[in-house]
């Protein structure tokens, strides 16, 4: 099989960027990615390296938040790997049971690494990341409104 | 003893059809959608995911619909579904210190850095039935403020740890992590296996145990150091990538209980602690879990193991509601032959005793 | 009595999950009927040195919870391929593996070192997948024991001669012991620990 070790070892900065977009792709919905893909223009042909499949991830926690690991429980995950004729490989790993989501994430992961499609796709990712950030800010603002502002009541004469 | 009994097939089939009809209820009332359960019965969904030990909100909602709202049955359905999927990865441990907090309260420090964030809660409600909810269109709009909390919040346990008042855990990530879904529990149990059992344990059972501890059966005087609820990222390290990627966020609840101190000639006294973590928003569950986790540390802390909540065999063997309901409910299966044996035995015992009595009476008469 | 050569490739499905089920079913059949040869079919796209039948067996049985040991003569591609498609850890310690893959039956490792399970859990033993050149029924080594009606004859080429003695020793410690799946390019035959070998 074609594995990533055939490619030149990416710089750590490249890895950081890839980690970031993979996180954004995982948090987006399949519908959003479907629409975003349409904006990316003509695309290369991809074939499956590993067909979309559903499985589980055992989620771990830490005792006392910072101590030894323990198994909390499982969550569903979908994954998919694709490659194109140039040997460009993309992987998708997303929470939930939407195979199409995993496939789209894999296609985007491959495109984002390519020279010709990279820049267009990065804009798409930036938009999605922005939307995710706004949603989180909105939620945080609602939480902030429930913050307790203590005031001390002075009792007695002095 | 069990004996195969035939002849119930038609009855079973019809009983299931009847259950289906009962579940649907009056057809003139619109059918409940899974999305409605997901959105409007979220805490039920969270409990099913937590005790079903599978995080997948739409699946849990479906299970609740199928079980007609019987949550233990829904948990059973989720556990059964879980066995059909391959496990592909173990995640990196979720980092609750970077949680996107939606609720955070501490009962130990009023002015904790970051503040007391009540979030969505039933606390401080009057528990008066709100009849306006019975009317159909009802909505409440949350208030948002400009200043929002961002970034990791400092933790109560860190504040205590910095002063040496509580032990700061030092993780050993090289050691094997127990998995009770693979290897049966053997005693004495490591804390990781205990926490995994408690995390999927029945809320009612853990609540009762925690309560029993508070009332004096193995009391360890707990304070809710910090309770949090919010979203954490889950990441995995696929072999083909060799680096960590996030697959999404999950909602979790967490409770850290500060409990009675220990110390001896060599060591200065310190607080001890208990920990609770669960999928979804299950505050009562994680609070109970943290008390029970602390109680189960009795052996390691050199305390007497005298109360039920301190007995790991008692707690861990009985906390799983799927196992418990299975064994209790199997009693309704045919035990005809078994019971017949008891009947025969009892009748013959009685006969024997009665025979002896009549004999004694007769011989008594003779003497008289 | 069951046919000694069963072809399961006819039910070939395009769905990988169904394919895995078909292969699992075939392995189950050969395990419960030692000496019965099953054709798994010639799935393309495997790295050199790895028989398609071995790859199919690994895909159906090996996962992240079952560490795989691969004989040291295997290329890095074989390990990478199996890690990617099975999601299994590939380990160096022979004693700790759940599955052992031997690419060349003429170059066997010390089979004694594979985990035979424990008295409480004999099922926690290793399963060995050994690649051989050919499998023929009707002549050769005499097999008997559970799952065999009377006896069956099996002739394997591309397999070290002392393998059969190892299987005899393996039988001595029943219920402990390893189980073996022999694979040609396209076929498999299974020799569970219960099999009685007459050389």
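A few notes on this one:
- Using alpha-carbon coordinates, inclination of helix A:12-27 to the longest axis of chain A, degrees: 80 degrees
- Residue among C:44, C:89, C:34 with the largest mean-square fluctuation in a Gaussian network model of chain C, springs linking Cα atoms under 10 Å: C:44
- Top of A:15, A:54, A:125 by mean-square fluctuation, Gaussian network on chain A, Cα under 10 Å: A:15
- Rounded to 10°, Cα long-axis angle of helix A:30-39 versus longest principal axis of chain A: 50 degrees
- Degrees, to the nearest 10: B:191-200 long Cα axis against longest axis of chain B: 80 degrees
- Between residue A:126 and residue A:151, the distance separating the two model label sites (each 7 Å from Cα on the Cα→Cβ line) works out to 4.6 nm.
- Relative contact order of the stretch B:9-82: 26 percent, from C-alpha pairs under 8 Å at least 6 residues apart in sequence.
- In the stretch A:12-141, the convex hull through the Cα atoms has an average projected area of 9.7 nm², a quarter of its surface area.
- Chain B - percent relative contact order, Cα under 8 Å, separation 6 or more: 18 percent
- Annotation for residue B:344 and residue C:43: the two label points, set 7 Å from Cα along the Cα-Cβ direction, are 5.5 nm apart.
- Rel. contact order, % - alpha carbon contacts under 8 angstrom, at least six apart, the stretch A:34-158: 18 percent
- For the stretch A:106-158 versus the stretch B:252-310, the gap between their alpha-carbon centres in whole angstrom: 34 Å
- Largest GNM mean-square fluctuation across B:278, B:306, B:348, computed for chain B with C-alpha springs under 10 Å, falls on B:348.
- Debye equation applied to the C-alpha atoms of the protein assembly as shown, log10 I(q)/I(0) at 0.08, 0.12 Å⁻¹: -0.83, -1.45
- The stretch B:9-82: C-alpha gyration tensor shape, a/c 1.5 cut-off, then a/b vs b/c: oblate
- Mean residue ellipticity (222 nm) of chain C, computed from DSSP H runs ≥ 4 via -39,500 (n - 2.57), nearest 500: -7500 deg cm²/dmol
- Here residue B:361 and residue B:10 are evaluated by their C-beta separation; at R0 = 60 Å the FRET efficiency comes out at 0.65.
- Packing-based exposure ordering (other Cβ within 10 Å, fewest first) of B:146, B:231: B:146, B:231
- Mean ellipticity per residue at 222 nm, deg cm²/dmol - from DSSP H runs of n ≥ 4 across chain B, formula -39500 (n - 2.57): -12500 deg cm²/dmol
- Counting beta carbons within 10 Å around each of C:69, C:164 and listing the fewest first gives the order C:164, C:69.
- Neighbour-count order for C:148, C:130, B:141, B:250, fewest beta carbons within 10 angstrom listed first: B:141, C:148, B:250, C:130
Values in this text are rule-based calculations from the coordinates and carry no lab data. Since we're looking at a predicted model, the values are computed, not measured. Positions of Cβ are backbone-derived with ideal geometry, glycine not excepted, and every protein chain shown enters the neighbour counts.
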